[in-house]
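J.: Right, I'll just put the structure down here and ask away after.
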Amino acid sequence: MSILVNKETRVVFQGITGAFGSQHARACIEYGTKVVAGVTPGRGGQSFMDKVPIFDTVEQAVRKEGADVSCIFVPPAGAADAIAEAAGSSSASPTASRCWT
């Protein structure tokens, strides 16, 4: 299976409010990546950099923002659940997954 990512790819960042997630999301935004949503449970309704909406679940982010790729930056203990959540959402595919301690 081939996964193609291009300038039209719509990315959701799981763990966008954490140290590594926010650092990489910011860099991607500055590079021009279409970061359309972030996910951090309990932080839904907030925004990242005053422009990227944050949701409680990947499913909400996919439904409202049309994300089709997920970048995962969550602690190791939550990585498996984050990957399963991304894979189980309607259109986001876990293209990039990273676990940080």
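J.: Kindly provide the set of residues from the range 1-16 that are more than 18 Å from Asp81 (Cα to Cα), in contact (Cβ under 8 Å) with a residue 24 or more places away in the chain and of a type outside the set (S, T, N, Q), ordered by number.
T.: From the range 1-16, those more than 18 Å from Asp81 (Cα to Cα) are 1-11; that's our starting set.
From what is left, the residues that are in contact (Cβ under 8 Å) with a residue 24 or more places away in the chain are 3, 5, 7-11.
Within the range 1-16, Ile3, Val5, Lys7, Glu8, Arg10, Val11 qualify.
J.: Taking the residues in the range 64-83 that are of a type in the set (Gly, Ala, Ser) and either without any contact (Cβ under 8 Å) to a residue 60 or more places away in the chain or surrounded by fewer than 18 Cβ atoms within 10 Å (Cβ to Cβ) (or both) as candidates, determine which candidate is farthest from Val12 (Cα to Cα). Steps first, answer last, please.
T.: Just the residues of the range 64-83 that are of a type in the set (Gly, Ala, Ser), to begin with: 66-67, 70, 77-80, 82.
Among the residues that remain, those that are also either without any contact (Cβ under 8 Å) to a residue 60 or more places away in the chain or surrounded by fewer than 18 Cβ atoms within 10 Å (Cβ to Cβ) (or both) are: 66-67, 70, 77-80.
Values: Gly66: 9, Ala67: 6, Ser70: 5, Ala77: 20, Gly78: 17, Ala79: 15, Ala80: 17 Å.
So the residue we want is Ala77.
J.: Is the range 17-37 home to any residue that is closer than 14 Å to Pro75 by Cβ, in contact with a helix residue (DSSP H, G or I) (Cβ under 8 Å, 6 or more places away or on another chain) and in contact (Cβ under 8 Å) with a residue 40 or more places away in the chain?
T.: no
J.: I've got another one for you. Pairs needed: first member in the range 48-63, modelled with pLDDT of 95 or more; second member anywhere, assigned to a helix (DSSP H, G or I) and not hydroxyl-bearing (Ser, Thr, Tyr); C-beta distance under 6 Å; at least 6 residues apart or different chains.
T.: Correct list of pairs: Phe55/Ala61; Val58/Glu85; Val58/Ala86.
The values are calculated or read from the model by the stated rules, or taken from the named source; none is laboratory data. All of these numbers come straight from a predicted model, not from anything done at the bench. So basically every Cβ, Gly included, is an ideal-geometry build from the backbone, and we count neighbours across all protein chains shown.
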